[in-house]
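Structure, as structure tokens:
The values are calculated or read from the model by the stated rules, or taken from the named source; none is laboratory data. In this text, all values refer to a predicted model and were calculated from it rather than measured experimentally. Neighbour counts are summed over all protein chains in view; Cβ atoms, including those assigned to glycine, are modelled from backbone coordinates with ideal geometry. Keep in mind that these areas ignore ligands, DNA and RNA; they rest on the heavy atoms of the full protein, side chains included. Shrake-Rupley method; radii C 1.70, N 1.55, O 1.52, S 1.80 Å.
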Amino acid sequence: MEHNPAATRVLVIDDEEGIRVGSERILTRMDCDVTLASQGEQGLNLLAKVRPAIILLDMKMPGMDGMEVLGRIREIDDSILVIVITGYATVETAIEAMKKGAYDFVPKPFEPDQLRIVVNRALEKLRLQQKTAKLVSERRRTLSDLGTEKSRIHTILASLPNGVIVTNADGRVVLMNPAFKQHLNLDAQLHAGGQIRDYIQDQGLCDLVLDISKGKYIDYEEIPTYEFAVSDEKFMVARGRPVLGDQHECLGAVVTLVDFTAMKVIDRLKSEFVAKVSHELRSPLSTIHEQLAHVLTDMVDEASQDGQQILSRAKEKTQGLINLIGDLLDLSRIEAGAVCETPKKVDLSDLLKGIVAFLKTKADGKKQQLQLEIAQAPLPHLTADPLALESIFGNLITNAIHYTPEGGRVRVTAEATGISILVKVIDNGFGMEAKHLEKIFERFYRVKTAKTRYITGTGLGLPIVKGLVEGMGGFISVESTPTEGSTFTVSIPVG
Ligand code: ADP
């Protein structure tokens, strides 16, 4: 007979040959792999070799009787299902055998069907046992996989140089890594579990984490990055994301902290370098510019038209460079925090009147109307650096004149709103497409259209204006429509 490794192995131990042969025939048809033994000792000796799942065991045998064999089998391997064959339906023997650990019994003599039923029951039990064992081992494996995965994530988080903190929807900290504690100078032994404010001192960052945890941000793009200083020499940037559940409900927030002190230092060095170079270039350039102006006045009659044009062009270019250097130096000062070095009481109406009067000639040159409308004079006094205010409104009104065609109109309005003064510079000029509006406050950004291509500039005016306004605690915004005009609104807090 061909050996089927998947077949259930059955050992039949019976001294009666008829029973052995009959059982073998029945069991083989049931796809079992059958081994026969005619005595108890022989059966026991075969155990190790055959490793049966089921044993059919006669109770009444010469030599070692069935009950003793059963006892020995139990000692050797109690997972084997032993079906005892009891002569003349001796119920007592069957009961005793069952007590000793037999799985079932079949009376002798038996019909083939009787044996089949009992063996089928045993086979079913084996099948269930195997299934249970498989499930148990799978579960063990899943649990151990989970355990490994958890400890792997733990190790990764622990070795990250960036700080990581995870909160639940109430803003309670559920996890934080060592880098987080280190970056914020927290005790290394500090455990998660408390409210976010117990760990983070910076109020702005606390508010942001709470907002994200509570699901305020649906659009990730809207979540701001948050920069803050841990000390005078350490700067961090925090980025957060909500943690979403299966139904997209917000379960909390995960926030990373990155140390960007080095970037800040590089940025400062860069600004210092730009300031130094600009400073060094300014005087020689101004000298060249003046000398060119001199030469040009002196050579009115003598030189050729061409020569004059070349020198005029050179003079214009040096003026452009001088403007650029002036702007770079202004920006460096703003970046260094020197926005309001000499705050004074300023009457903004007077200041605006002065600027408008000064720029009137420029506007007249382009046949433009330049009007100043002050809603409720007198405006409350501001405490600010007048030079900074002049730079802000000088830049905005000059831009309005530059980027408005001949014959256009520029209006400057000012009104008090209680806590601040609102100044608008409104023109009906070239305007800009919406895509440029955010970017015009970035350094060197200039909008080039067919109409503005030939207007010279540095692209530094608006970054300077924004830096100055924000340095005073105010804000600037812009609305614009191509061909219709632009409105720049500046709000400066009073007091
Ligand atoms: P600059 O004027 O030297 O180029 P700015 O930073 O002052 O630099 O302005 C940046 C850009 O914004 C300008 O190049 C121009 O394209 C656009 N811009 C500024 N003000 C106006 C305005 N009033 N109308 C239309 N475009 C403007």
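Check Leu396, Leu389 and return the single one that is within 16 Å of Ile492 (Cα to Cα), at pLDDT below 95 and either buried (at least 21 other Cβ atoms within 10 Å of the Cβ) or within 16 Å of the ligand (Cβ to nearest atom) (or both). Answer to the check: Leu389. Among the criteria (1) near the ligand (Cβ under 10 Å from one of its atoms); (2) open to solvent by 30 Å² or more (accessible area, probe 1.4 Å), the one Ile440 does not fulfil is (2). Restricting to region 402-413, name every residue that is touching a strand residue (DSSP E or B) at 6+ places or on another chain (Cβ under 6 Å) and either within 9 Å of the ligand (Cβ to nearest atom) or of a type outside the set (Ser, Thr, Tyr) (or both). Correct list: Thr404, Arg409, Val410, Arg411, Val412. You will find that of Leu244, Leu190, Leu205, the residue that is more than 29 Å from Arg268 (Cα to Cα) and under 18 Å from the mean Cα position of the chain (by Cα) is Leu244 and no other. When restricted to residues that are part of a loop (DSSP other than H, G, I, E, B) and open to solvent by 60 Å² or more (accessible area, probe 1.4 Å), region 450-472 contains 5. Restricting region 2-26 to residues that are out of contact with any Lys or Arg (no Cβ under 9 Å at 6 or more places or on another chain) and either part of a helix (DSSP H, G or I) or at positive phi (or both), the residue that is surrounded by the most Cβ atoms within 10 Å (Cβ to Cβ) is Ser23.
One line per residue, one yes/no per condition, for (1) at pLDDT 90 or above; (2) in contact with a helix residue (DSSP H, G or I) (Cβ under 9 Å, 6 or more places away or on another chain); (3) within 11 Å of the ligand (Cβ to nearest atom):
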site: Val447; (1), (2), (3): yes, yes, yes
site: Gly457; (1), (2), (3): no, yes, yes
site: Leu462; (1), (2), (3): yes, yes, yes
site: Val465; (1), (2), (3): yes, yes, yes
site: Gly471; (1), (2), (3): no, yes, no
site: Phe475; (1), (2), (3): yes, yes, no
site: Ile492; (1), (2), (3): yes, yes, no
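Of the residues screened, Val423 is not one that is within 12 Å of the ligand (Cβ to nearest atom), buried (at least 19 other Cβ atoms within 10 Å of the Cβ) and outside any helix (DSSP H, G or I). When region 327-364 is filtered for residues that are at pLDDT below 80, more than 21 Å from Thr458 (Cα to Cα) and of a type in the set (A, V, I, L, M, F, W, C), the ones remaining, listed by number, are Ala338, Cys340.
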